[in-house]
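Derivation of every value follows stated rules applied to the coordinates shown; laboratory data play no part. This is a predicted model, so every value here is computed, not measured. Don't worry about glycine lacking a Cβ; one is built from the backbone with ideal geometry, like all the others, and counts go over all protein chains shown.
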Amino acid sequence: MGFEPLRTDEKLDKPPPKSRSFDDLMLLGCGGFLIASVGGYLLGIWPYFLWQDAERLDVLLRSTALGLILPLILGVWMTRRSGLAGATGAIAGSLVTAIFLYLRIEQTFLEAAVQRIPPPDYPGSLQYLLPIGWVLLVSGVTVAFLPREEA
């Protein structure tokens, strides 16, 4: 490399800057993507299993708020730690979580249609708006915290 120190007996004012090897960068990126995507998904869906009565708006909002805080924190942390790989992992996890949310709300409306549960006390358009809002919020926050050299 043109600017790499030659490791000669020349006396330097300060030690040469440390650089990561290609293997370290690959492991950091792949690990960051994996942790952000799978971790974000698991942290996002667990409240919906904790509170089962998703036909009530207060339960849906509580599950969404609790399920959104932890993936956002993880997404920001992984974005700052592994850069673009962490950000795309957080966005990938939010996409899978959005599919889960859509299917969970759809299941609630289907069960209400066959009268197994009371009808939901929120509009049906929420089954589209909540997942889209989830993805947009996670995407916006992780891109906002992306290191400047990668933006």
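Averaged over residues, the count of other Cβ atoms within 10 Å places the peptides 82-95, 18-31 in the sequence 82-95, 18-31, highest first. Could you compute the net charge surrounding Gly40? Neighbours are other residues with a C-beta less than 15 Å from the C-beta of Gly40; K and R count +1, D and E count -1. Cβ neighbours under 15 Å give a net charge of +2.
Only DSSP H runs of four or more residues enter the estimate; each adds -39500 (n - 2.57), and after division by the residues of the chain the mean residue ellipticity at 222 nm equals -24500 deg cm²/dmol.
Taking only the alpha-carbon positions of region 40-151 and ignoring solvent, what does the Debye formula give for the base-10 log of I(q)/I(0) at q = 0.21, 0.23 Å⁻¹? After summing over all Cα pairs, the log10 values are -1.02, -1.16. Restricting the chymotrypsin sites (Phe, Trp or Tyr not before Pro) of region 44-75 to loop positions (DSSP other than H, G, I, E, B) with no more than 10 neighbouring Cβ atoms within 10 Å leaves nothing. Only the Cβ atoms of Lys and Arg (+1) and of Asp and Glu (-1) were treated as charged; on that basis the dipole of the chain about its Cα centre amounts to roughly 220 debye.
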